[in-house]
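Here, each number is a calculation from the coordinates, and none is a lab measurement. A quick note: this is a predicted structure, and the numbers were derived from the prediction, not measured. Note that we place each Cβ from the backbone using ideal geometry, even for glycine, and neighbour counts take in every protein chain shown.
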Amino acid sequence: MTIRVLIVDDQMMVREGFSVLLNAMPGIEVAGEAVDGHQAIAQAAALHPDVVLMDIRMPGLNGIEATREIVAANADAKVLVLTTFDLDEYVYDALRAGASGFLLKDASARQLADGVRIVSEGEALLAPTVTKRLISEFAHLADRARPSVASYGDLTERETEVLVLIAQGLSNAEIAGHLVVAESTIKTHVSRILVKLGLRDRTQAAVFAYEARLVTPG
């Protein structure tokens, strides 16, 4: 099945470059483009893309607010945030707004295509340098509201263990190897975790684990 992508960026050369790269990849096609957050919201509603490639820093409505609006209108929307800044202070806010992944604009064509495929399948995607920044952000969340222990009390001991490993950046295969179980078993655990916590994907599960202090930065 072809993955339809909406590219959102205020720079024409960036949009055209991504469009050429993605259209050249098997199983991916660019369904449309948008130059700012407002247009992104309108295009997402009209085109129903499988993945939205979203720039953060744009004039008018920025990528974070646009992401929040798109996800609010369609809970199944998949937004892959792109930025030139590996230390972008908006990483945490973008993920909290509902972004499914975060990738740097200097990623290769293969990394970009793989990112689109990963996010379209409901998986999480965080560039290594962005992950470090995200963990750093969590170290300064003392003043922000965090979920209570009761909010994840419905998870079984094994599900809690899997959630912690997700937050540590492990894939399903790596978690399966760590716990010495079948990968299909881990997929089942992940699905149940998302349902019980009312989360959209693995990215939000990782954010939740840090906020709930199941995982401590560092």
inquiry  = Suppose each label sits 7 Å from its Cα in the direction of the beta carbon; what would the L47-A72 distance come out to in nanometres?
reply    = 2.2 nm
remark   = Taking a crude spin-label model, label points 7 Å out from Cα along the C-beta direction, the M12 to H178 distance in nm is 4.8 nm
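In a shell of Cβ-Cβ distance under 13 Å around Q11, excluding Q11 itself, what net charge do Lys and Arg (+1) and Asp and Glu (-1) give?
Working: positive: R15, R57, K105; negative: D9, D10, E16, E33, D36, D55.
Around Q11, the charge tally is -3.
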